[in-house]
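Structure, as structure tokens:
Bear in mind these aren't lab numbers, they're just calculated from the coordinates by the rules spelled out. None of the values given here were measured: they were computed from a predicted structure. Ideal geometry is used to build each Cβ from the backbone, glycine not excepted, and the neighbour counts take in all protein chains shown.
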Ligand SMILES: Cc1cc2nc3c(=O)[nH]c(=O)nc-3n(C[C@H](O)[C@H](O)[C@H](O)COP(=O)(O)O)c2cc1C
């Protein structure tokens, strides 16, 4: 089983990364393979051109297409972002808009967790924003004993946020438990539910 943890910070080894590594350690201890992917390299937003609808990949050929390929082998994902002005980073927003638009179907029914790293405020607004993506894809949300946030401006400060780090470990344990339950269910013949064909309406019809 494999979990991909996406770091939406422009900093490859900053605070968000530090939180993700705490989750990773717990998953590895439970025998689950992990990859930390630097989503913070996605500097271009969605153009809304629908190239991906016809071609199955984003017209902007960067880390989003690389991530989309990785999703085939993922059993679950974690989306982590620093808080920028009480929201997810611009990179993470660009990354998730484009990943879900071009390859969201690969994530359907796979467990997901979201993580926010901030100095002081805006973390719950960021978590709410990040949750919009998995909610769209029928992904079971994995939680901890507190909202899944850490506080700090440096990795060392994040490590001193003992409650935040504990939440990361709990998240890792809960993710491992859910993955093992899904696997056991599969072996016992419990399959993913069928998705009905999409009905699309708007507000005038
Ligand atoms: C442009 C920008 C905006 C920020 N806005 C906030 C904010 O609204 N609230 C907050 O608590 N911290 C804010 N911060 C601080 C970061 O969220 C915080 O240091 C975070 O842990 C950094 O994670 P990283 O090292 O993974 O990038 C901001 C930082 C930057 C660069």
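Got a sec? Which of 184, 144, 167 is crowded, with 19+ Cβ neighbours inside 10 Å and without any contact (Cβ under 8 Å) to a residue 24 or more places away in the chain?
When all the criteria are applied, what remains is 167.
Does any residue of segment 152-159 turn out to be within 16 Å of the ligand (Cβ to nearest atom) and under 12 Å from residue 81 (Cα atoms)?
no
Yes/no matrix, rows are residues, columns are (1) touching a helix residue (DSSP H, G or I) at 6+ places or on another chain (Cβ under 8 Å); (2) without any contact (Cβ under 8 Å) to a residue 40 or more places away in the chain:
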| residue | (1), (2) |
| --- | --- |
| 1 | yes, no |
| 4 | yes, no |
| 13 | yes, no |
| 19 | yes, no |
| 26 | yes, no |
| 37 | yes, yes |
| 43 | yes, no |
| 51 | no, yes |
| 58 | yes, no |
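Need pairs with beta-carbon distance below 8 Å; first residue free of Cβ contacts under 8 Å to residues at least 12 places away in the same chain and closer than 17 Å to residue 97 by Cβ and within segment 113-137, second part of a strand (DSSP E or B) and away from the ligand (no atom under 11 Å from the Cβ); sequence gap 6+ or separate chains.
That search, which allows pairs on different chains as well, returns 135/141.
Can you say whether residue 115 is closer than 25 Å to residue 71 by Cβ, within 16 Å of the ligand (Cβ to nearest atom) and buried (at least 21 other Cβ atoms within 10 Å of the Cβ), as far as the supplied structure shows?
When the stated conditions are applied, residue 115 passes them.
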